[in-house]
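Worksheet: the structure to be examined is printed underneath.
The values are calculated or read from the model by the stated rules, or taken from the named source; none is laboratory data. Every value quoted in this text rests on a predicted model; they were computed, and no experiment measured them. Note that we place each Cβ from the backbone using ideal geometry, even for glycine, and neighbour counts take in every protein chain shown.
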Amino acid sequence: MKILFTICGRAGSKGIKNKNLKEFLGFPLPYYTISAIDLYRQKNPQISSDIVLNTDSAELIKLIKDYRTLKIDVIEREASLGLDNTPKLEVIAKSLEIMKQRKSVNYDMVIDLDITSPLRTSLDVENLIKHKVNTQVDVVFSVTNSRRNPYFNMVKRTENGYVRVINSSFNSRQEAPEIYDMNASLYAYSPEFLVSGKGLFEGTCDVIKMMDTAVLDLDHENDFELMEVIGKHLFENYPLLGEVRRNIK
């Protein structure tokens, strides 16, 4: 099996300045993503893989190249794929196209890891890959149990006041259908699906569950501060998460 790991990051950020370059508990944020990939490769030497960074940021390219001796290919992103409304799937598909040509190889799977999700383990990566191998779906992505449920305790405003997001008569969360949060950490794609040009939910999807580390979108500085507080506790108390931080050199 041949896997392509993609790491995609744009220059700048509207919410948090230079988000992809920030330090997280003493190390640059992207290093946690690289470390998780590195650990997976160390534990699965039988799997052949390449890693590619797709970015329009010279600073991020330098940061990645400074990471130990791990070989990471770089694709300098074209301007048309660096717009605010550019779907990430297009960037990943372009990365696959270029890496197939560059390495003269047909990949069996493409794994995308988000830079702004440092709280993942090598076991999460392994579970994702195993689940993708064992299913016939186009995409497998990571989720956590949802803290709120639109059938029970989420509301929206209407002209007649506030009502449940999804109309229901459920009196307890346990009665409502199971709902999950997409935590934007891990995605496994079939190459054939990526080149089809379809949107994520136009394909058949399945999920793996990850530990609920409090889903935070890094949109504002206080989001980052909260994630550091949570991360410090998790790295100190959960060995598999701590392993990712200790592996950064």
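Looking only at segment 153-161, decide whether some residue is of a type in the set (Ser, Thr, Tyr), outside any loop (DSSP other than H, G, I, E, B) and surrounded by fewer than 17 Cβ atoms within 10 Å (Cβ to Cβ).
Scanning segment 153-161, I find at least one residue that is of a type in the set (Ser, Thr, Tyr), outside any loop (DSSP other than H, G, I, E, B) and surrounded by fewer than 17 Cβ atoms within 10 Å (Cβ to Cβ), so the answer is yes.
For segment 163-220, give me each residue that is assigned to a helix (DSSP H, G or I) and either more than 30 Å from HIS233 (Cβ to Cβ) or under 20 Å from the mean Cα position of the chain (by Cα) (or both).
GLU175, PRO191, GLU192, PHE193, LEU194, VAL195, SER196, LEU200, PHE201, GLU202
So if I check each of MET211, MET182, which one is more than 23 Å from VAL91 (Cβ to Cβ), surrounded by 13 or more Cβ atoms within 10 Å (Cβ to Cβ), in contact (Cβ under 8 Å) with a residue 40 or more places away in the chain and not aromatic (Phe, Trp, Tyr)?
It is MET211.
Of everything in segment 57-67, what is over 17 Å from LEU113 (Cα atoms), in contact with a helix residue (DSSP H, G or I) (Cβ under 8 Å, 6 or more places away or on another chain) and not in a helix (DSSP H, G or I)? Give them in sequence order.
SER57
Hey, among SER48, SER13, which residue is modelled with pLDDT of 95 or more, of a type in the set (Ser, Thr, Tyr), surrounded by fewer than 21 Cβ atoms within 10 Å (Cβ to Cβ) and over 15 Å from LEU96 (Cα atoms)?
Just one listed residue meets the conditions, SER48.
Within the group LYS130, LYS88, which residue is charged (D, E, K, R) and touching a residue at least 40 places away in the same chain (Cβ under 8 Å)?
LYS88
Any residue at all in segment 112-126 that's in contact with a helix residue (DSSP H, G or I) (Cβ under 9 Å, 6 or more places away or on another chain), over 24 Å from PHE24 (Cβ atoms) and in contact (Cβ under 8 Å) with a residue 40 or more places away in the chain?
No, there is no match, as no residue in segment 112-126 is in contact with a helix residue (DSSP H, G or I) (Cβ under 9 Å, 6 or more places away or on another chain), over 24 Å from PHE24 (Cβ atoms) and in contact (Cβ under 8 Å) with a residue 40 or more places away in the chain.
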